[in-house]
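Visitor: Next up is a structure, given as structure tokens.
The values are calculated or read from the model by the stated rules, or taken from the named source; none is laboratory data. As the structure is a prediction and not an experimental result, all values here were calculated from the model. Neighbour counts run over all protein chains shown; Cβ positions are idealised from the backbone, glycine included.
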Protein chains: 2
Amino acid sequence: MPVNLTPPAAAQLLPVAGVSLGVTEAGIKRENRKDLLVMQLCAGARVAGVFTQNRFCAAPVIVAREHLAQADGIRALVINTGNANAGTGEQGMQDARATCAALAGLLDCKATGILPFSTGVIMEPLPVAKIAAGLPGAVANMRADNWYDAAQAIMTTDIVAKAVSRQVHIGGVQITITGIAKGSGMIHPNMATMLGYIATDAAIAQPLLQQMVGEAANCSFNCITVDGDTSTNDALMLIATGQTALPEIRDAAGAGFATLQAAVTEVAVYLAQAIVRDGEGATKFITVQVEGGRNEAECKQIGYAIARSPLVKTAFFASDPNLGRILAAIGYAGVDDLDVAALRLYLDEVLVAENGGRAASYREEDGQRVMQQSDITIRVVLNRGAAKATLWTCDFSYDYVKINASYRS
Amino acid sequence: MPVNLTPPAAAQLLPVAGVSLGVTEAGIKRENRKDLLVMQLCAGARVAGVFTQNRFCAAPVIVAREHLAQADGIRALVINTGNANAGTGEQGMQDARATCAALAGLLDCKATGILPFSTGVIMEPLPVAKIAAGLPGAVANMRADNWYDAAQAIMTTDIVAKAVSRQVHIGGVQITITGIAKGSGMIHPNMATMLGYIATDAAIAQPLLQQMVGEAANCSFNCITVDGDTSTNDALMLIATGQTALPEIRDAAGAGFATLQAAVTEVAVYLAQAIVRDGEGATKFITVQVEGGRNEAECKQIGYAIARSPLVKTAFFASDPNLGRILAAIGYAGVDDLDVAALRLYLDEVLVAENGGRAASYREEDGQRVMQQSDITIRVVLNRGAAKATLWTCDFSYDYVKINASYRS
């Protein structure tokens, strides 16, 4: 069950002027399930994104990158679940392009104005005829206040739909940011994660939009892991429709950029954490905070060693303060000159280890008490510099095995 | 249950002249369990070893390295289970030294002539008084034909004892090699694995002995993973007693060295594979063979990405040919210029993927048939060079979670 994560109320999700969303049941993998989403954008909307670094990236990732690189402007996004169109070779590329062409025909725009996204099983042919047959229904369903249904339509093994809105004021103008994401397994992002879409009605110059999405991803989706598997289809898109009175943001040093960046990052962090809270089989949400490092890279390296360790994750599932497993993970993280006698390990506020071993003040019942919680922070203080990094992960349960042993059935 | 692994018959384990083994029940973690092993070596025996690269390496690893570096000669090894004496700081160092001193007193040798090894739970104080009290019983039990009991005495979560003997002839002299190992979880060796001890009655110069154990580890223990967690206590020791008529081997280019190296490596490979076959919760033994790479490092990198992936391992547990997960793992292995369209993926003899997607000849029932087996080979042909690497791993089952969620109880 998701850890301290409740579905958003549809009414709390704010429309973003210039974005209409329509969903339908196209029967891609199974019947009676919303599995196709179309997001139409107003003319002049700008889109920037970051994509998976997986070499086996999916056909839609390749096509979306191509279309983004063209100057024409993006008019719609189309997202299907139930099939990832990854590991599908040349046929997969044709299928992704055919999906774009079918939607372009309905929306009267160029096929290069469409960005395609897919998520689901890998190495099976995309049922492009079903998608094409479903598109008119999705287009007919398009509304500005449809974010909740959109979040539902992109779910796969997710239990809870993930969506959130924020509003900020810049130069006296109210700016809205709404985002949705999906993801639960195959979560170990590298530059992006599963699928995330964040839209704002602000106007922002294209290079700054790209900078903003990269920064938001680095502080959110690039800080989570469920199972250490980097998806073939990861993508995070940031849309700026420019439908408010606020002039275009063109200066990264200005207050407007910083305010919008902070709000976009806040939305991205909420969505990324929601993915972990809804991680496959998760019963605990674990924050891994590594500080006092020489640089951020070594903090992340140590943090990910802890966050990926099956031994650490099963101990948390069992609420067993078998915390030596955390020391072992720190030790094999690959920071070769690490002085293990200099570091301190905390579980929430409880000092667990120092001087290379268990802290004199540590009592098993204190560790046990923290382990019973559903939200826990592992804090490692390296005492060798000023850098830090924070990651989020979940525990490893029977249900993770169950979900992934039966995923295709 | 262990995968196609039966315990060795005690009678098949050949004594190695110059080595006596004694075991006892010292009650270190629980009663009525063999948990302490003493291996006494004849004067003049040579010992070489490789140890974990984990920065949080255990106190006995540090002490064993120190004692090996001294010129005095090693007269005995002492191995306890039930407690790893890792993450125990300065007290752990004192406890390891006290264990050596206690045994040295009984064997009338220097404390620096003893190598200590520990395995079990991390970050709990070593019960050194129990060990000291148990040592006289272990010493009284010492016999040359005691390898089977020795293999049993070093087990922790192992289900099957791991031991094997080989004999070769060099220059007309019969040479015996016998080895034991333990390990089942926290298996992702880096230069060595859990605990392994191999002894031969041949004589071999010290630098060649070190070369031989490194080479054997590289082809065996450094090619396995169960859960991706590198232990704090990994050690592989090679003992040469020099108790046959064969003159000391001093030339790495000679036929004697090559013959002995091959036999030692064969013993090491058997033991390493036995650890995977007895991997925690394992139901399948999986060979991952990556060939056609530019160098061995990239072959191992891709092989380990596959072998560590929880998604791949749960699919094998389910006998579900959800083989796109293997492509995803290849894609995120970190070989940045990998051309995914050039590689081929096989499951045993079945061609699964080529040209970046599913092979035209692939039929689900062929993949399904292979997935039902208990021994399966994943073969990746990269088509970009002549290097190759072979790794061994197991699947990921409910029982892995169960074993590791209840390890301390």
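Visitor: Within the stretch A:245-265, can one find any residue that is closer than 28 Å to residue A:82 by Cβ and modelled with pLDDT of 90 or more? Show your work before the answer.
Guide: Step one: of the stretch A:245-265, the residues closer than 28 Å to residue A:82 by Cβ are none.
Taking every residue of the stretch A:245-265 in turn, none turns out to be closer than 28 Å to residue A:82 by Cβ and modelled with pLDDT of 90 or more.
Visitor: State which residue is nearest to the chain's Cα centre (by Cα) when the search covers only the stretch A:327-367 and only residues that are more than 11 Å from every other protein chain (Cβ to nearest Cβ) and in a helix (DSSP H, G or I).
Guide: A:366
Visitor: Which one of A:73, A:92, A:105 is away from chain B (no Cβ under 14 Å), in contact with a helix residue (DSSP H, G or I) (Cβ under 7 Å, 6 or more places away or on another chain) and either closer than 18 Å to residue A:19 by Cα or not hydrophobic (A, V, I, L, M, F, W, C) (or both)?
Guide: Details: A:92 fails: away from chain B (no Cβ under 14 Å); A:105 fails: in contact with a helix residue (DSSP H, G or I) (Cβ under 7 Å, 6 or more places away or on another chain).
Of the residues listed, the single one that is away from chain B (no Cβ under 14 Å), in contact with a helix residue (DSSP H, G or I) (Cβ under 7 Å, 6 or more places away or on another chain) and either closer than 18 Å to residue A:19 by Cα or not hydrophobic (A, V, I, L, M, F, W, C) (or both) is A:73.
Visitor: Kindly evaluate residue A:375 against the criterion of being in contact (Cβ under 8 Å) with a residue 40 or more places away in the chain and more than 14 Å from chain B (Cβ to nearest Cβ). Lay out the reasoning, then the answer.
Guide: Values: in contact (Cβ under 8 Å) with a residue 40 or more places away in the chain: yes; more than 14 Å from chain B (Cβ to nearest Cβ): yes.
So residue A:375 passes the test.
Visitor: Residue by residue through the stretch B:112-157, note down the ones that are outside any helix (DSSP H, G or I), among the charged types (D, E, K, R) and within 12 Å of residue B:83 (Cβ to Cβ). Show your work before the answer.
Guide: Filtering the stretch B:112-157 for residues outside any helix (DSSP H, G or I) gives B:114-127, B:141-146, B:154-157.
Okay, now just the ones that are also among the charged types (D, E, K, R), so B:124, B:143, B:145.
The answer is B:124, and nothing else.
Visitor: From the set of residues in the stretch B:37-75 that are outside any loop (DSSP other than H, G, I, E, B) and free of Cβ contacts under 8 Å to residues at least 24 places away in the same chain, which is nearest to residue B:99 (Cα to Cα)? Step through it out loud before you land on a result.
Guide: Here is the first cut: in the stretch B:37-75, the ones outside any loop (DSSP other than H, G, I, E, B) are B:37-41, B:46-51, B:59-69.
Those still in the list that are free of Cβ contacts under 8 Å to residues at least 24 places away in the same chain too: B:65, B:69.
On the way: B:65: 15, B:69: 19 Å.
The residue in question is B:65.
Visitor: Now for a different question. Specify which of the listed residues (B:320, B:348) is surrounded by fewer than 21 Cβ atoms within 10 Å (Cβ to Cβ), within 16 Å of residue B:368 (Cβ to Cβ) and at pLDDT 95 or above. Write out each step before concluding.
Guide: On the way: B:320 fails: at pLDDT 95 or above.
Result: B:348 is the single residue among B:320, B:348 that is surrounded by fewer than 21 Cβ atoms within 10 Å (Cβ to Cβ), within 16 Å of residue B:368 (Cβ to Cβ) and at pLDDT 95 or above.
For (1) within 20 Å of residue A:276 (Cβ to Cβ); (2) over 11 Å from the mean Cα position of the chain (by Cα); (3) among the hydrophobic types (A, V, I, L, M, F, W, C); (4) outside the structural domain of residue A:300 (by TED's automatic domain parsing), each residue gets a yes or a no:
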{"site": "A:170", "(1), (2), (3), (4)": "no, yes, yes, yes"}
{"site": "A:181", "(1), (2), (3), (4)": "yes, no, yes, yes"}
{"site": "A:184", "(1), (2), (3), (4)": "yes, no, no, yes"}
{"site": "A:195", "(1), (2), (3), (4)": "yes, no, yes, yes"}
{"site": "A:205", "(1), (2), (3), (4)": "no, yes, yes, yes"}
{"site": "A:238", "(1), (2), (3), (4)": "no, yes, yes, yes"}
{"site": "A:243", "(1), (2), (3), (4)": "no, yes, no, yes"}
{"site": "A:250", "(1), (2), (3), (4)": "no, yes, no, yes"}
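Visitor: Across the stretch A:102-134, which residue is nearest to residue A:73 (Cα to Cα) among those that are surrounded by 22 or more Cβ atoms within 10 Å (Cβ to Cβ) and of a type in the set (S, T, N, Q)?
Guide: Restricting to residues being surrounded by 22 or more Cβ atoms within 10 Å (Cβ to Cβ) and of a type in the set (S, T, N, Q), the top hit is A:118.
Visitor: When the stretch B:327-348 is examined, which residues are found to be under 15 Å from residue B:289 (Cα atoms) and out of contact with any strand residue (DSSP E or B) (no Cβ under 7 Å at 6 or more places or on another chain)? Show your work before the answer.
Guide: Let us first name the residues in the stretch B:327-348 that are under 15 Å from residue B:289 (Cα atoms), namely B:327, B:329-330, B:333, B:343-348.
The answer is B:329, B:333.
Visitor: State all residues of the stretch B:189-212 that are modelled with pLDDT of 90 or more, not in a loop (DSSP other than H, G, I, E, B) and not small (Gly, Ala, Ser); if no residue qualifies, say none. Give the derivation first.
Guide: The first filter runs over the stretch B:189-212 and keeps only residues modelled with pLDDT of 90 or more, leaving B:198-212.
Next cut, not in a loop (DSSP other than H, G, I, E, B) only: B:198-200, B:204, B:206-212.
The answer is B:198, B:200, B:204, B:206, B:207, B:208, B:209, B:210, B:211, B:212.
Visitor: Can you name the residue in the stretch B:286-317 that is among the polar types (S, T, N, Q) and either touching a residue at least 60 places away in the same chain (Cβ under 8 Å) or at the interface with chain A (Cβ under 9 Å from one of its Cβ atoms) (or both) and is also farthest from residue B:367 (Cα to Cα) among such residues? Spell out the reasoning first.
Guide: Going residue by residue through the stretch B:286-317, those that are among the polar types (S, T, N, Q) are B:287, B:289, B:295, B:301, B:309, B:314.
From what's left, either touching a residue at least 60 places away in the same chain (Cβ under 8 Å) or at the interface with chain A (Cβ under 9 Å from one of its Cβ atoms) (or both): B:287, B:289, B:295, B:309, B:314.
Working: B:287: 16, B:289: 17, B:295: 29, B:309: 19, B:314: 16 Å.
In this case the residue turns out to be B:295.
Visitor: So, residue A:334, is that one over 22 Å from residue B:120 (Cβ atoms), among the small types (Gly, Ala, Ser) and in contact (Cβ under 8 Å) with a residue 24 or more places away in the chain or not? Let's see the steps before the verdict.
Guide: On the way: over 22 Å from residue B:120 (Cβ atoms): yes; among the small types (Gly, Ala, Ser): yes; in contact (Cβ under 8 Å) with a residue 24 or more places away in the chain: yes.
Criteria met by residue A:334.
Visitor: Can you work out which of the residues in the stretch A:39-59 that are within 19 Å of the chain's Cα centre (by Cα) and away from chain B (no Cβ under 14 Å) is surrounded by the fewest Cβ atoms within 10 Å (Cβ to Cβ)?
Guide: Here the residue is A:48.
Visitor: Can I ask one more? Among B:128, B:139, B:121, which is among the aliphatic types (A, V, I, L, M) and within 14 Å of another protein chain (Cβ to nearest Cβ)?
Guide: Numbers: B:128 fails: within 14 Å of another protein chain (Cβ to nearest Cβ); B:139 fails: within 14 Å of another protein chain (Cβ to nearest Cβ).
Sole residue among the options that is among the aliphatic types (A, V, I, L, M) and within 14 Å of another protein chain (Cβ to nearest Cβ): B:121.
Visitor: Which one of these does residue B:96 not meet: (1) at pLDDT 95 or above; (2) surrounded by 23 or more Cβ atoms within 10 Å (Cβ to Cβ); (3) within 20 Å of residue B:25 (Cβ to Cβ)?
Guide: The failed condition is (3).
Visitor: With surrounded by fewer than 24 Cβ atoms within 10 Å (Cβ to Cβ) and within 14 Å of chain A (Cβ to nearest Cβ) as the only criterion, which of B:228, B:214 stands out? Let's see the steps before the verdict.
Guide: Numbers: B:214 fails: within 14 Å of chain A (Cβ to nearest Cβ).
From the options B:228, B:214, the qualifying one is B:228.
Visitor: Hey, another quick one. I'd like the full set of residues that are of a type outside the set (A, V, I, L, M, F, W, C) and out of contact with any Cys (no Cβ under 7 Å at 6 or more places or on another chain), limited to the stretch B:257-271. Before the answer, list the steps.
Guide: Let us first name the residues in the stretch B:257-271 that are of a type outside the set (A, V, I, L, M, F, W, C), namely B:259, B:261, B:265-266, B:270.
Passing the criteria: B:259, B:261, B:266, B:270.
Visitor: Select, from B:34, B:29, the only residue that is part of a loop (DSSP other than H, G, I, E, B), over 19 Å from residue B:232 (Cα atoms) and in contact with a strand residue (DSSP E or B) (Cβ under 9 Å, 6 or more places away or on another chain). Can you show your working first?
Guide: Values: B:29 fails: over 19 Å from residue B:232 (Cα atoms).
Going through B:34, B:29 in turn, the sole match is B:34.
Visitor: Here's something else I'd like to know. Output the number of residues of the stretch B:17-29 satisfying the condition of being under 23 Å from residue B:240 (Cα atoms) and over 20 Å from the mean Cα position of the chain (by Cα).
Guide: Looking only at that region, the number is 6.
Visitor: Taking residue B:127, is it in contact with a helix residue (DSSP H, G or I) (Cβ under 7 Å, 6 or more places away or on another chain), of a type outside the set (S, T, N, Q) and within 20 Å of residue B:28 (Cβ to Cβ)? Even if it seems obvious, please write down each step before you answer.
Guide: Numbers: in contact with a helix residue (DSSP H, G or I) (Cβ under 7 Å, 6 or more places away or on another chain): no; of a type outside the set (S, T, N, Q): yes; within 20 Å of residue B:28 (Cβ to Cβ): yes.
Against the criterion (in contact with a helix residue (DSSP H, G or I) (Cβ under 7 Å, 6 or more places away or on another chain), of a type outside the set (S, T, N, Q) and within 20 Å of residue B:28 (Cβ to Cβ)), residue B:127 does not qualify.
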